[in-house]
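Input: a single structure, listed below in structure tokens.
What follows is calculated from the coordinates using simple rules that are stated; it is not laboratory data. This one's a predicted model, so the numbers in the text were calculated from it and none came from an experiment. Using ideal geometry, Cβ is built from the backbone for each residue, glycine included, and neighbour counts are taken over all protein chains shown.
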Amino acid sequence: MTEFSVYDKDSINDETIEFLQPYLNFSSEDDPPLPLFTPEVAKQTSQALVGLCTWAAAMSDYTKNSKIVKPKMKMLDFQTAALQEATAKLQVAQEELDEVNAYKAKLREQYEEQVAQKQELQDDASRTRKKMD
């Protein structure tokens, strides 16, 4: 059994694509010119050549498109990290807000108790005045 090595598609550089371009653009001298470096044309010669032709075109397309996608992927990674940092800060702020709201509720409860106690004392004072009168 033969062992196949995996070709690192990210190692293809512009120079390699530049050397490959004349083959990818190779066409007949007919009017209109017909592309000759295609899987259909290659199939007439060899099945292995079909795979090579398809692979070369795919690698060229991948390299061209990766120039567009890679910066966007890097920006996505950067923005994802920024989002995680902002989310962590938001969570800390939310916890602080929850603590403040709990403290506020406790103070409101104490205020309500004090107001009720004050009202009770005022009612007692009013009853006492009535008795004195």
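Side notes on the structure shown:
- DSSP loop GluC sites (Glu not before Pro) with at most 16 other Cβ within 10 Å: longest gap in the chain: 30-133
- By the helix-only formula, in which each DSSP H run with n ≥ 4 contributes -39500 (n - 2.57) and the sum is divided by residues, the chain has a 222 nm mean residue ellipticity of -28000 deg cm²/dmol.
- Mean projected area (nm²) of the alpha-carbon convex hull when the chain is viewed from all directions: 20.5 nm²
- Rounded to the nearest 20, the Cβ-based charge dipole of the range 9-132 about its Cα centre (Lys and Arg +1, Asp and Glu -1) stands at 1020 debye.
- Rounded tilt (10° steps) of 47-132 against the dominant C-alpha axis of the chain: 0 degrees
- Working from label points 7 Å from Cα in the Cα-to-Cβ sense, the residue 29 to residue 45 distance is 1.8 nm.
- Alpha-carbon centroid distance for the pair the range 16-81 / the range 104-133, whole angstrom: 87 Å
- Footprinting exposure proxy for 11, 46, 66 (fewest neighbouring C-beta atoms within 10 Å first): 11, 46, 66
- Qualifying lysines (Cα of each under 25 Å from Cα of residue 118; at least 8 residues distant if same chain): 104, 106, 130, 131
- Under 5 Å, built H, 5+ apart or other chain: amide partners of residue 12: none
- For the range 11-20, the Karplus equation 6.51 cos²θ - 1.76 cosθ + 1.60, evaluated at θ = phi - 60°, returns couplings of 8, 6, 10, 4, 5, 5, 5, 4, 5, 7 Hz by residue, with Gly and Pro reported as x.
- Which of 69, 117, 25, positive extreme of dipole for the chain (C-beta unit charges): 117
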